[in-house]
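Just so you know, all these numbers are worked out from the coordinates, no wet-lab data involved. Since this is a predicted model, take the numbers as computed values, not measurements. Every residue, glycine as well, gets a Cβ built from its backbone with ideal geometry; the counts of neighbours run over all protein chains shown.
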Amino acid sequence: MDPNEIIARLQLLAEQFAGELQNQPTEQAIRDLQAAYLSKKGKLGELQQSLGKVEPAQRKVVGQAFNQAKQAIVQSVSEAIETLVKKAEDVYLNEYFDVTLPGRLPLRGTMHPISIAMYDIVDVFTSMGFDVAEGPEIETDEFNFAKLNFPDDHPARDMQDTLFIEEGKTLLRTHMSPVQIRSLLDRPLPVQVVAPGAVYRRDDDPTHSPMFFQIEGLLVDKGVHFGHLKGVLNTFIHQVFGADVQMRVRPSFFPFTEPSVEVDIQCIYCKGAGCRLCSQTGWIEILGAGMMDPNVLEGVGIDSEVYSGFAFGLGVDRVSMLRYEGISSIKLFYENDPRFLERFWR
């Protein structure tokens, strides 16, 4: 077949495409027209089948002509679509967009209320000489339970409470106490640290969340006694809740402290008179604490006859709920609803 005839027909098709392209009102119509010319069964595709009848020496020239035609069509399609988009933008700007309206400033990001409370609490303890310690969120059973004097049959080890990765070996830490153990192993005595971070348990109700934040503290030195613990906690409560808020301690039990106590504060809303928040008792539980159990100290190679210490732990989420009145569910902190979070913007 004469190659000049093929090239002439190719040019004619290109001109026909350019003429039809000008009348296409939508992007879809332009795409359909492109397919009608460039698909295997399109007009150029049918013509390209005649390449097999061209002398081998002349196929290169004809093939180049086909490639140029296809590239020209693709380029024309791209330009036509850009023109449609520009026209649509102009219509929108002219008919629906009022350029005389004042601009809307984007919302400025700020700290989350949990982060605000955590930094405030940590600042109180660092002002008393505590260092900040960190540890892994994926912990071993040894550090999360065994070295903290939890017996093998302790209920906290059950699947109902703990999110195990590999049962009996690795898990998502259920408290910040493993950081205390790591600090005793890694740091020279005396050790005085506070450990903030996320912890995980199988909880799901208005006052509990599967993930929440704790801050735990530890002080181990010679001559440490319960009076030191009360003094540190009293300072913390006055700094966070106010100098007029009273504190009381009640006997309790934790595997890693002996004696152990629950620490309550006078209800910050009713001032001890009794209200719904404090269940008419006038007091609100705020944290757990106690003197380090000798077994825990001995387990990390510390002579409990020479050294003593105390530990405490509190929930940052709970402190936040007490600081900001009217929060009915801890889950509000984690839903990222700007209508709720904007209450705490500084």
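Odds and ends about this structure:
- Degrees separating the helix 27-38 axis from the principal Cα axis of the chain, which is the longest one: 50
- Modelled spin labels at Gln16 and Ile138, positioned 7 Å past Cα toward Cβ, are 6.4 nm from each other.
- Efficiency of FRET between Asn67 and Lys87 - r from beta-carbon atoms, R0 30 angstrom, step 0.05: 0.45
- FRET E, pair Glu166, Met211, Förster distance 30 Å, beta-carbon r, rounded to 0.05: 0.95
- Listed values for segment 213-220 are Karplus-derived 3J(HN,Hα) couplings in whole Hz (6.51 cos²θ - 1.76 cosθ + 1.60, θ = phi - 60°), namely 10, 10, 10, 10, x, 8, 9, 10, and x replaces Gly and Pro.
- With respect to the chain, whose longest principal axis is taken over its alpha-carbon atoms, helix 3-21 is tilted by about 60°.
- Whole-angstrom gap from segment 1-29 to segment 227-247, using each part's C-alpha centre: 86
- Other residues lying with their Cβ under 12 Å from the Cβ of Phe97 contribute a combined charge of -4, Lys and Arg counting +1, Asp and Glu -1.
- Estimated dipole of the chain in Debye, rounded to 20 [Cβ of Lys and Arg +1, of Asp and Glu -1, Cα centre]: 1040
- Note on segment 98-131 and segment 295-346: Cα centroid distance 18 Å, given to the nearest whole angstrom.
- Angle in degrees between helix 113-126 and the longest Cα principal axis of the chain, rounded to the nearest 10: 40
- Kirkwood analysis of the Cα pair distances in the chain returns a hydrodynamic radius of 26.5 Å.
- Dividing the Cα radius of gyration of segment 212-301 by 2.2 N^0.38 Å, with N the residue count, gives 1.22.
- Distant-in-sequence amide H partners of Ala195 (H built 1.01 Å from N, under 5 Å): Ala133, Glu216, Gly217
- For the residue pairs Lys169/Lys222; Lys230/Lys331; Lys230/Lys271; Lys147/Lys222; Lys222/Lys271, alpha carbon separations beyond 29 Å are given by Lys169/Lys222; Lys230/Lys331; Lys222/Lys271.
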